[in-house]
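Let me begin by presenting the structure, written as structure tokens, before commenting on it.
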Amino acid sequence: SRGINAEYGDWLNLYVQKIWSLWLPPESLPTVGYAGYYAVQHSEGLRIITLNTMYCDALNFWLYLNNTDPGGQLAWLVQELHWAEKAGIKVIILGHIPTGRLDCLKAFSWNFYRIVDRFESTIVGQYMGHTHLDHYMMQYTEETDHHPTSFQFVSPSLTTYSDLRPSIRVYTLDGLYSGSTYRPLKHETYLFDLERANTKNETVWELEYDTVSAYNLTWLVPEEMQRLYDRLEGDQSFFNKTYFKYMYHMNGNTCDDKCYQNELCQIRTGRSHDHTICPEVDLRERAQWEHENKLC
């Protein structure tokens with residue numbers, strides 16, 4: 001990858017640039033060819049930024065040679081957000097690896113966390129994947145009252161994975177109109193019926209849940225997601241019947257006390273390798289727990 005080993009990384013970025021030129025506008029393509037990230041002006045008031053989170057992946061071994069903002073991605077992100085802030089434009093960030101995960105390297109994660117803190121009024125949504133599970137991760141301001149600044153949706157996957165059904169997530173956003181916040185209002189998660197596909201050759205998607213009926217949430221902003229966390233933390237039975245059930249698509253399974261502690265820690269850990277967020281959870285034990293629970 002660019003900034004890590006340009007001699008061997010350029011061919012892939014340039015090939016992706018060629019393929020993605022079929023649906024990305026020309027002005028978005030130069031940074032794709034350079035280092036695999038880009039921005040698209042969706043509408044007058046909304047810009048979508050897609051990050052190349054391979055630049056924080058602990059299994060990207062080129063990063064161990066130099067992980068000082070590879071590809072200049074975070075510097076570019078700051079420029080994009082500063083421009084959007086001055087123009088009064090809201091920004092949605094897309095990525096693959098949630099930046100609070102232990103397999104996202106600390107330097108990238110902590111710098112990204114600071115950027116989100118600085119531009120909390122501009123960033124109106126973050127959407128990630130990678131784990132194949134259904135969860136979210138909070139982020140907080142560092143300097144003042146520790147209020148929630150943002151959070152990352154981590155969506156379940158369309159691809160099959162160990163003991164999980166293929167899933168589709170549909171988000172409903174506030175927009176398009178003058179003065180829109182572009183904040184998420186709700187999301188719906190659908191599960192693929194594998195049994196009917198295998199026995200009857202039918203394609204059927206079933207609604208698993210939506211955030212209105214499951215959590216009585218109609219406004220998915222950091223403050224409301226923090227209130228949801230507080231409710232989950234205060235009621236383990238509610239946690240098992242909703243959040244844990246939806247996370248693994250399980251009916252009837254419960255999360256024991258150690259599992260419960262780790263899952264709650266994961267929600268409030270928007271910054272990787274931070275011992276201060278969950279002092280009651282040993283990071284090595286948490287890493288082992290993530291491995292045992294097949295969080296890729």
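The residues on offer are Leu63, Leu29, Leu59, Leu14, and the sole one that is over 18 Å from Ile115 (Cβ atoms) and part of a loop (DSSP other than H, G, I, E, B) is Leu59. Of the residues that make up region 93-104, is at least one touching a residue at least 60 places away in the same chain (Cβ under 8 Å) and open to solvent by 50 Å² or more (accessible area, probe 1.4 Å)? Checking region 93-104: not a single residue is touching a residue at least 60 places away in the same chain (Cβ under 8 Å) and open to solvent by 50 Å² or more (accessible area, probe 1.4 Å). For Leu59, the stated conditions hold: it is over 28 Å from Tyr182 (Cα atoms) and either of a type in the set (Phe, Trp, Tyr) or open to solvent by 60 Å² or more (accessible area, probe 1.4 Å) (or both).
Meeting the requirement of 3 or more residues that are without any contact (Cβ under 8 Å) to a residue 12 or more places away in the chain, the helices (runs of 4 or more DSSP H) wholly within region 134-242 are 194-200, 222-234.
Can you find even one residue in region 254-270 that is modelled with pLDDT under 85, loosely packed, with under 15 Cβ neighbours inside 10 Å and not in a loop (DSSP other than H, G, I, E, B)?
So far as region 254-270 goes, no, none of its residues is modelled with pLDDT under 85, loosely packed, with under 15 Cβ neighbours inside 10 Å and not in a loop (DSSP other than H, G, I, E, B).
Have a look at Glu195, Glu188, Glu224 and point out the one that is loosely packed, with under 12 Cβ neighbours inside 10 Å and either more than 22 Å from Ala84 (Cβ to Cβ) or in contact with a strand residue (DSSP E or B) (Cβ under 8 Å, 6 or more places away or on another chain) (or both). Selected residue: Glu195, the only one of Glu195, Glu188, Glu224 that is loosely packed, with under 12 Cβ neighbours inside 10 Å and either more than 22 Å from Ala84 (Cβ to Cβ) or in contact with a strand residue (DSSP E or B) (Cβ under 8 Å, 6 or more places away or on another chain) (or both). What number of residues within region 37-56 satisfy the criterion of being hydroxyl-bearing (Ser, Thr, Tyr) and open to solvent by 30 Å² or more (accessible area, probe 1.4 Å)? Matching residues across region 37-56 total 1.
When region 227-253 is filtered for residues that are touching a strand residue (DSSP E or B) at 6+ places or on another chain (Cβ under 9 Å) and either modelled with pLDDT of 90 or more or open to solvent by 60 Å² or more (accessible area, probe 1.4 Å) (or both), the ones remaining, listed by number, are Leu228, Tyr229, Thr242, Tyr243, Lys245, Tyr246, Met247.
Matching residues to (1) open to solvent by less than 60 Å² (accessible area, probe 1.4 Å); (2) modelled with pLDDT under 95:
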| position | (1), (2) |
| --- | --- |
| Ser121 | no, no |
| Gln126 | yes, no |
| Asp145 | no, yes |
| Pro148 | yes, no |
| Leu164 | yes, yes |
| Pro184 | yes, no |
| Lys200 | no, no |
| Glu208 | yes, no |
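In region 45-60 there is no residue that is polar (S, T, N, Q), over 22 Å from the mean Cα position of the chain (by Cα) and over 24 Å from Glu120 (Cα atoms). Only one entry of Tyr140, Tyr113, Tyr136 meets the criterion of being touching a Lys or Arg at 6+ places or on another chain (Cβ under 7 Å) and either within 26 Å of His275 (Cα to Cα) or of a type in the set (Lys, Arg) (or both), and that entry is Tyr113. Filtering Gly95, Gly88, Gly33, Gly71 for residues that are under 27 Å from Arg183 (Cβ atoms) and over 18 Å from the mean Cα position of the chain (by Cα) leaves a single hit, Gly88.
The single condition among (1) within 22 Å of Tyr127 (Cα to Cα); (2) open to solvent by 50 Å² or more (accessible area, probe 1.4 Å); (3) modelled with pLDDT under 95 that Asn111 does not satisfy is (3). As a summary of the residue check, Asn66 satisfies the conditions (1) more than 20 Å from Tyr127 (Cα to Cα); (2) open to solvent by less than 40 Å² (accessible area, probe 1.4 Å); (3) of a type outside the set (Asp, Glu) except for the one numbered (2). Can you pull out every residue in region 78-89 that is under 21 Å from Ser43 (Cβ atoms), open to solvent by less than 60 Å² (accessible area, probe 1.4 Å) and not in a loop (DSSP other than H, G, I, E, B)? Hits for region 78-89 are Glu80, Leu81, Ala84, Ala87. Within region 163-181, being touching a His at 6+ places or on another chain (Cβ under 8 Å), more than 20 Å from Val91 (Cα to Cα) and not charged (D, E, K, R) holds for Leu164, Ser167.
Can you spot a residue in region 198-208 that is under 30 Å from Gly88 (Cβ atoms), in contact with a Leu (Cβ under 9 Å, 6 or more places away or on another chain) and not aliphatic (A, V, I, L, M)?
no
Looking at this structure, is Ile92 at pLDDT 95 or above, under 21 Å from Val40 (Cβ atoms) and in contact with a Gly (Cβ under 7 Å, 6 or more places away or on another chain)? Here the answer is yes, as Ile92 does meet what is asked.
The values are calculated or read from the model by the stated rules, or taken from the named source; none is laboratory data. Note that the coordinates shown come from a computational prediction; the quantities given were computed from them, not determined experimentally. Cβ atoms come from the backbone with ideal geometry, glycine included; neighbour counts cover every protein chain shown. Just the protein is used for accessible areas: all its heavy atoms, side chains included, with ligands, DNA and RNA removed. Shrake-Rupley method; radii C 1.70, N 1.55, O 1.52, S 1.80 Å.
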